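Asks: The following block contains the structure, expressed as structure tokens.
The values are calculated or read from the model by the stated rules, or taken from the named source; none is laboratory data. Computed from a prediction, not measured in an experiment: that's the story for all the values here. Cβ coordinates were reconstructed from backbone atoms using ideal geometry, including for glycine residues, and neighbour counts include every protein chain displayed. All accessible areas refer to the heavy atoms of the entire protein, side chains included, with ligands and DNA or RNA removed. Shrake-Rupley method; radii C 1.70, N 1.55, O 1.52, S 1.80 Å.
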Amino acid sequence: MEIDFEFLLHGVPHGQKIWGNQEDFLYVQNFYNGLEDVETKFLIEIRDVKGIRYCYYSYLKYGNIVDNNNRSGSYFGMTIRLDKYCLDGLGIYYLLDLIYTKYILGLILEKEDTKTRFLVSDFMDINKEISRIKDIVMDLYKNLFSSSENYINDFLSFRIPIEKQYLEKINILDCTSDKLKNIIQKYGIVSLSPFYDTQRVRELSEYFNRKEKSYKEEKEREKDELNSLLIEEKKKNEELSKQINKLKNENSDLENRANRMESDIQNLNNFISNDISNIWHKQLGKALKEIHDCIKDIDIQKNHIPKKHISPKTILLLIGFAFILGVILLCIFLI
């Protein structure tokens with residue numbers, strides 16, 4: 001089966017360069033953006049070039065790659081362009097990953113501690129070596145993917161991706177031919193990487209995110225309920241404070257009234273102790289004087305009837321005094 005096969009090698013050894021079909025230079029420029037979040041990725045993308053539909057399979061290396069002068073922000077890529085859609089996209093990834101490990105490292109790139117550096121400043125400086133790598137890639141590809149069952153010849157129904165559209169990212173371990181084909185038909189592009197989260201990891205992540213969300217929502221509900229209770233208790237405390245202040249005011253009024261009553265009682269006691277005592281003393285003195293006058297009159301006249309008589313008021317006063325005196329003596333005796 002005849003296939004239009006192109007092999008491209010591109011990157012930034014000293015400024016962006018491409019080895020292979022130069023009409024794809026504008027396309028590979030998109031890979032030099034410095035925004036990649038994984039070290040290795042494999043991009044499958046549908047494109048139309050001069051009215052012909054192609055499928056691009058690009059093996060890309062990012063991470064800490066520096067150019068020939070140790071300038072950071074570089075990348076390295078290999079792309080296979082086909083005029084058919086190969087159903088075994090994952091097989092092409094493993095083929096290019098093998099080429100990178102066995103032929104690219106040590107010839108074009110070299111690992112140095114934590115970085116990977118370009119050994120050349122231009123791919124044309126090692127044109128013969130790269131041509132040999134292309135021949136190896138083509139031979140391996142034909143041997144591995146020669147069966148027509150591996151291809152879809154007419155893929156005009158596949159969507160051409162638009163700029164800044166949704167990009168499905170899949171871990172290599174989750175890839176299947178049908179899964180890739182369905183995504184490419186729908187979006188026209190898909191990105192694979194061994195560094196993307198697997199489906200299982202994503203499911204666990206989503207599960208824990210749901211749990212965390214549920215936990216936060218529950219805590220927010222508890223917080224709202226607690227705030228409601230606090231507001232209610234605050235209102236109750238405010239009402240109790242008002243009642244306490246009211247009772248304090250009433251108690252203060254009662255204390256003032258009690259103090260006034262105590263003062264009135266004290267004044268009354270003073271009145272009883274002083275004024276009543278003075279009245280009793282005066283009345284008693286008057287009674288005793290009347291009695292004394294009568295006795296004196298009797299002594300003077302002897303057998304004659306006294307001129308002065310003890311008044312009934314005086315007699316009652318004496319009787320009252322005697323009663324009070326008796327009560328006092330009785331209390332003294334009982335004590």
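Asks: R0 = 45 Å: FRET efficiency of Asp135 with Lys169, Cβ-based, nearest 0.05?
Replies: 0.85
Asks: Would you pull out the residues with amide H under 5 Å of Gly188's amide H, same chain only if 5 or more places away, H placed 1.01 Å from N?
Replies: Placed amide hydrogens put Arg159 under 5 Å from Gly188.
Asks: Using DSSP to define loop residues, name the trypsin sites (Lys or Arg not before Pro) in region 18-126 whose beta-carbon has at most 10 other beta-carbon atoms within 10 Å.
Replies: Of the trypsin sites (Lys or Arg not before Pro), the ones in loops of region 18-126 whose Cβ has at most 10 other Cβ atoms within 10 Å are Lys50.
Asks: Excluding Ser147 itself, what net charge comes from residues whose Cβ is under 15 Å from its Cβ, given Lys and Arg +1 and Asp and Glu -1?
Replies: Here the charged neighbours net out to -1.
Asks: While we're looking at this one, here's another question. Given the Cα-Cα distance of Glu262 and Phe208 and 0.36 nm per residue of separation, how much length would full extension add, in nm? Don't jump to the answer; show the numbers that get you there.
Replies: On the way: separation 54, 0.36 × 54 = 19.44 nm, distance 7.67 nm.
Result for the pair: 11.8 nm of gain on full extension.
Asks: I've got another one for you. Enumerate the calculated ³J(HN,Hα) couplings along region 73-80 in order (Karplus 6.51 cos²θ - 1.76 cosθ + 1.60, θ = phi - 60°), each rounded to whole Hz, writing x wherever the residue is Gly or Pro.
Replies: Going residue by residue, I get x, 7, 8, 9, x, 10, 10, 10 Hz, with x marking Gly and Pro.
Asks: Using 7 Å Cα-to-Cβ label points, what is the Phe5/Asp178 separation (nm, one decimal)?
Replies: 2.9 nm
Asks: Cα to Cα, under 20 Å, and not fewer than 8 places away if on the same chain: which lysines meet these conditions relative to Lys286?
Replies: The qualifying lysines are Lys296, Lys307, Lys308, Lys313.
Asks: Net charge near Ser177, counting Lys/Arg +1 and Asp/Glu -1 over other residues with Cβ under 11 Å of its Cβ? Let's see the in-between values first.
Replies: Details: positive: Lys179, Lys181; negative: Asp88, Glu149, Asp178.
The answer is -1.
Asks: Enumerate the calculated ³J(HN,Hα) couplings along region 124-134 in order (Karplus 6.51 cos²θ - 1.76 cosθ + 1.60, θ = phi - 60°), each rounded to whole Hz, writing x wherever the residue is Gly or Pro.
Replies: 5, 5, 10, 4, 5, 4, 5, 4, 5, 4, 4
Asks: From the phi of every residue in region 150-163, what ³J(HN,Hα) in whole Hz does the Karplus formula 6.51 cos²θ - 1.76 cosθ + 1.60 yield, where θ is phi - 60° and glycine or proline is x?
Replies: So the J values, rounded to whole Hz, are 7, 10, 10, 6, 9, 10, 5, 6, 6, 6, 8, x, 9, 5.
Asks: Take Tyr56, Tyr187 and sort them by solvent-accessible surface of the protein heavy atoms, 1.4 Å probe, largest at the top.
Replies: Of Tyr56, Tyr187, the descending order of accessible area is Tyr187, Tyr56.
Asks: Checking the table Lys61/Lys84; Lys102/Lys186; Lys84/Lys169; Lys181/Lys213; Lys50/Lys102; Lys115/Lys211 against a 32 Å threshold on Cα-Cα, which pairs fail?
Replies: As for pairs spanning more than 32 Å Cα to Cα, those are Lys102/Lys186; Lys181/Lys213; Lys50/Lys102; Lys115/Lys211.
Asks: Within region 185-216, find all residues whose amide N lies under 20 Å from a label point positioned 7 Å from the Cα of Asp154 along Cα-to-beta-carbon.
Replies: Residues 185-186, 188 qualify, since their backbone N sits under 20 Å from the label point.
Asks: Quick one: with all protein chains in place, what share of the accessible area of region 14-68 is carbon or sulfur, to the nearest percent (1.4 Å probe)? Numbers along the way, then the final one.
Replies: Details: 1130 of 2370 Å².
Looking at region 14-68 in its full context, I get 48 percent from C and S.
Asks: Be a star and scan region 36-52 for residues whose amide nitrogen sits under 14 Å from the point 7 Å along the Cα-to-Cβ vector of Ser72.
Replies: Of the residues in region 36-52, 36 have backbone N under 14 Å from the label point off Ser72.
Asks: Evaluate E = 1/(1 + (r/R0)^6) for Asn251 and Leu229, where r is the Cβ-Cβ distance and R0 equals 35 Å; express this FRET efficiency to the nearest 0.05. Don't jump to the answer; show the numbers that get you there.
Replies: On the way: r = 31 Å, r/R0 = 0.90.
In this case the efficiency is close to 0.65.
Asks: If a paramagnetic tag sat 7 Å from the Cα of Val38 along the Cα-Cβ line, which residues of region 139-180 would have the backbone N under 13 Å from that point?
Replies: Counting only backbone N, you get 167-176.
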